[in-house]
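Colleague: Provided herewith is a single structure, encoded as structure tokens, for subsequent inquiry.
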Amino acid sequence: MNIRKIDLKILHFLRKISIPLARFSIFLVFFWFGALKVLGLSPASVMVKTLLHSTMPFMDPPTFLIFFGLFEMLIGILFLIPGLERVVIPLLFIHMITTVLPLFILPKMVWTSVLVPTLEGQYIIKNIAIIAAAIGIAAHLHPIRTR
């Protein structure tokens, strides 16, 4: 077997698994991190509560964390279901907007100095990879049929 045939087999395999792997990866991150919030075990809880106090002080933090965790778990589950991409991707982007807020509203929690994020900041910045995976999934959708 020559190098071109091996390359084609590898590329074919990667194309075959890329979308299911992206879906599962997003599911895993969102469901797991959401479950940690629901169970009161999330290391991000302090940051979420601080952000909530800064943006919506009237909301009860423990209740918000449970609902936010359930929202994350829902996003994860919906990514596993083919055909629901047009529903879940907008939900993901709404979630991403809320999770990027600490980079601007809570700079002391997410930056140690210019362009040097804390662990919490890294936690937020890694969302760029999730956004890229969601865009990759969306890019493989078929156009909506019109009548």
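Colleague: With the condition kept exactly as written, say whether any residue in the stretch 134-147 is assigned to a loop (DSSP other than H, G, I, E, B), out of contact with any Pro (no Cβ under 8 Å at 6 or more places or on another chain), loosely packed, with under 11 Cβ neighbours inside 10 Å and among the hydroxyl-bearing types (S, T, Y). Even if it seems obvious, please write down each step before you answer.
Modeller: Keep residues of the stretch 134-147 that are assigned to a loop (DSSP other than H, G, I, E, B), which gives 140-147.
This time we only want the ones that are out of contact with any Pro (no Cβ under 8 Å at 6 or more places or on another chain), so: 140-147.
Filter again for loosely packed, with under 11 Cβ neighbours inside 10 Å, leaving 142-147.
With among the hydroxyl-bearing types (S, T, Y) added as a condition, the list becomes 146.
Checked against the condition, which is being assigned to a loop (DSSP other than H, G, I, E, B), out of contact with any Pro (no Cβ under 8 Å at 6 or more places or on another chain), loosely packed, with under 11 Cβ neighbours inside 10 Å and among the hydroxyl-bearing types (S, T, Y), the stretch 134-147 yields at least one hit.
Colleague: Which residue pairs have Cβ atoms closer than 7 Å, lie 6 or more positions apart in sequence or on different chains, and pair a first residue in the stretch 21-38 that is farther than 12 Å from I131 by Cα with a second residue that is acidic (D, E) and at pLDDT 95 or above?
Modeller: F30/E72; F33/E72; G34/E72; K37/E72
Colleague: Okay, moving on. Which members of the stretch 12-64 meet the condition of being part of a loop (DSSP other than H, G, I, E, B) and surrounded by 17 or more Cβ atoms within 10 Å (Cβ to Cβ)? Spell out how you get there, then give the answer.
Modeller: Going residue by residue through the stretch 12-64, those that are part of a loop (DSSP other than H, G, I, E, B) are 39-44, 56-60.
Scanning the stretch 12-64 gives S42, A44.
Colleague: Right, something else. Would you check which residues across the stretch 102-128 are of a type in the set (F, W, Y) and either part of a helix (DSSP H, G or I) or within 16 Å of K37 (Cβ to Cβ) (or both) and list them?
Modeller: Going residue by residue through the stretch 102-128, those that are of a type in the set (F, W, Y) are 104, 111, 123.
The answer is F104, Y123.
Colleague: For the stretch 99-119, what are the residues that are touching a residue at least 24 places away in the same chain (Cβ under 8 Å) and out of contact with any Pro (no Cβ under 7 Å at 6 or more places or on another chain)?
Modeller: T99, V100, L101, P102, I105, L106
Colleague: Do the conditions hold for T99, that is, is it among the β-branched types (V, I, T), at pLDDT below 95, under 30 Å from S18 (Cβ atoms) and not in a helix (DSSP H, G or I)? Please lay out each step first, then the result.
Modeller: Details: among the β-branched types (V, I, T): yes; at pLDDT below 95: yes; under 30 Å from S18 (Cβ atoms): yes; not in a helix (DSSP H, G or I): no.
So T99 fails the test.
The values are calculated or read from the model by the stated rules, or taken from the named source; none is laboratory data. These numbers were taken from a predicted model, which means no experiment stands behind them. In this analysis, Cβ positions are derived from the backbone assuming ideal geometry, glycine residues included, and neighbour counts consider all displayed protein chains.
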